[in-house]
1. Which whole-number percentage describes the relative contact order of the chain, with Cα contacts under 8 Å and a sequence gap of 6 or more?
2. Non-local amide H neighbours of GLY108 (under 5 Å, H modeled in plane, Pro and chain starts lacking H): which ones?
3. Determine ³J(HN,Hα), in whole Hz, for all residues of segment 100-111 in sequence, where each value follows from phi through the Karplus function 6.51 cos²θ - 1.76 cosθ + 1.60 and θ = phi - 60°; x replaces Gly and Pro.
4. Along segment 22-38, what does the Karplus equation 6.51 cos²θ - 1.76 cosθ + 1.60 (θ = phi - 60°) give for ³J(HN,Hα), rounded to whole Hz, x for Gly and Pro?
5. Looking at the chain, send over the antiparallel percent of its DSSP beta bridges, to the nearest 5.
6. How large is ³J(HN,Hα), in whole Hz, for each residue of segment 50-62 in order, when computed from phi with the Karplus curve 6.51 cos²θ - 1.76 cosθ + 1.60 and θ = phi - 60°, using x for Gly and Pro?
7. Which value, in Å², gives the accessible area per residue of the chain when a 1.4 Å probe is used on the protein heavy atoms?
8. Evaluate the Debye formula for segment 63-112 with equal point scatterers sitting on the alpha carbons, no solvent, and hand back log10 of I(q)/I(0) at q = 0.14, 0.15, 0.25 Å⁻¹, in q order, two decimals.
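The values are calculated or read from the model by the stated rules, or taken from the named source; none is laboratory data. All values reported here derive from a predicted model rather than from experimental measurement. Using ideal geometry, Cβ is built from the backbone for each residue, glycine included, and neighbour counts are taken over all protein chains shown. Only protein heavy atoms, including side chains, enter the accessible area calculation; ligands, DNA and RNA are left aside. Shrake-Rupley method; radii C 1.70, N 1.55, O 1.52, S 1.80 Å.
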Amino acid sequence: QVQLVESGGGLVQAGGSLRLSCAASRNIAAINTMAWHRQAPGKQRELVARIMSGGSTNYADSVKGRFTISGDNAKNTVNLQMNSLKHEDTAVYYCAARVRKDVYWGQGTQVTVSS
């Protein structure tokens, strides 16, 4: 079992920045993959970024060059630095952790970007 708690969401103007954090209940070095997903109203949940246990990362094309995912093993947290935010980034952002075949989700944090 892995409990995940997100923080850092809020309201920001277009062009601004936010930093999301996901605190895990266990050592993230032992977690295969940690990721951020988002779901906008009326749309399906989509992958934003993920980081594997070896440190490699992947990003959705829509956020490449603007978002950065990073892990802090000492604090068991995964962060998502979001820069140059756009109105279309507005969504509930969810942290996810995959351990072998099991996937765990956080409760989500709202990010609203005003245009």
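1. Details: 286 pairs, mean separation 42.6, N = 115.
37 percent.
2. Correct list: GLU6, CYS95.
3. These are the phi-based 3J(HN,Hα) values: 6, 9, 9, 10, 10, 10, x, 7, x, 9, 7, 10 Hz.
4. So the J values, rounded to whole Hz, are 10, 9, 9, 7, 9, 4, 5, 5, 8, 9, 4, 9, 10, 8, 10, 10, 9.
5. Values: 39 of 43 bridges.
Antiparallel: roughly 90 percent of the beta bridges in the chain.
6. Using θ = phi - 60°, the values come out as 9, 10, 8, 4, x, x, 5, 10, 9, 9, 5, 4, 5 Hz.
7. Numbers: 6150 Å² over 115 residues.
Heavy-atom accessible area per residue stands at 53 Å².
8. So the normalised log intensities work out to -0.45, -0.51, -1.12.
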